[in-house]
Amino acid sequence: MPEDPSAPAAPAAQLDKKKSIILGIIGLAFIILIFWKVIPEIGSYSEAWDALQSMGAISMALIIASVVIYLVFYGFPFMAAAPGLKYLRSEQLNQAAFAISNGVPGGGAVGLAVQYGMLTSFGITATASTAAITAVGLWSSFVTLGFPILGVGALVLAGQNGGGYVLTALIGLGVLVAVIVIFVLVMRSEDLATKVGKWGNSIIKPFAGRIKALQGLDLVAPVTKFRSSMYELLKRRWLALTISQVAVSVTQFLILFFALRGVEGWDTAGTSILVAFAAFAISQLGMMIPITPGGLGTVDAAMIALMTNFGVATGAATAADLVWRAASFVPQIILGIVALLLWYRKAGERFATTKVEPSKGAPTKSA
């Protein structure tokens, strides 16, 4: 059903300049601190350089191939979440948003606004654009929370001592199951969504008297509104969303694995794919710490520490992480900037060839 043109458009993300500058400074400080002080304590840049120099042409070819596959898969999530959106536009959208959200400390709000602007400029309705952005963000969070659980499972299958990681995985599994159960209940029916909203109200009620932001808050309306905007999309597209998001994470892992085996040498037994996956998957929890863009530094420190704890040499672990970070970030930042510039150019041409009649407020073609 076509969207009512008289309905108000979904509000774009507002950028608090002062807050963004402060967050940017804090994020940059953490990145510098982690790469300058923290990583040298758990890894070795000099040993990493020595390991990188020994990497052969086959390893480089495998890394390049995995990067290309990763970039290709990165275009599918929004195609799955926004019916009617073509692949190339989905790729352009996701790469542009990545460049802003992950390349700029505190750029998340701007990235959301750009996603919304690009989707609507591609002919996706305001309601469908908001639903697609929400769905992709949710599924990305689900995968980020689920991968550490799979990582601990891989560690156990590899015969490693899970130790404290098992407890962490069980806690994470409990949280993930609870979130999914609540999510399914909300999606199942409007009555259940109303009950979930009322249940949420009963939980926050004891805190309402102490926290000003919770005073007068009623969760029933936003929960039921969320369900009405997301139900049809997720009913038809949940599997495609799941496959596309998992594919993105798996192909990103392959970059790390080929980098690690490349610096270790293919003529040695090296690190098993299960152990490498465990280090990659568990370290993704660093993505949930919103201090640095894209987990830059936090994920790296965790990944190097995990690999060394699992028996990987410090030089190889550091080198593999640096290759993984550069290979999965730099090409996307470059592609994202190009995608953003192309979109601005097209959007500018479109706006230049339209005008608004004051009496009607409807866009018409210029003569």
**Report entry** Highest average packing first - 236-244, 131-139, Cβ atoms within 10 Å
**Finding:** 131-139, 236-244
Requested in this report: Just check region 53-211 against the gyration tensor rule for me: Cα atoms, a ≥ b ≥ c as the square roots of the eigenvalues, rounded for a/c under 1.5, and otherwise prolate or oblate depending on whether a/b exceeds b/c.
Outcome: oblate
Query raised in the report: In whole Å, what is the distance between the alpha-carbon centres of region 176-237 and region 310-326?
Result: 42 Å
Query raised in the report: R0 = 56 Å: FRET efficiency of LEU170 with LEU88, Cβ-based, nearest 0.05?
Result: 0.85
Query raised in the report: Shape call for region 125-237 from the C-alpha gyration tensor, a ≥ b ≥ c root eigenvalues: rounded (a/c under 1.5), prolate (a/b greater than b/c) or oblate?
Result: oblate
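Bear in mind that the values in this text are calculations on the coordinates, not laboratory data. These numbers come from a predicted model, not from an experiment. Quick reminder, even Gly has a Cβ in these numbers, built from the backbone with ideal geometry, and neighbours come from all protein chains shown.
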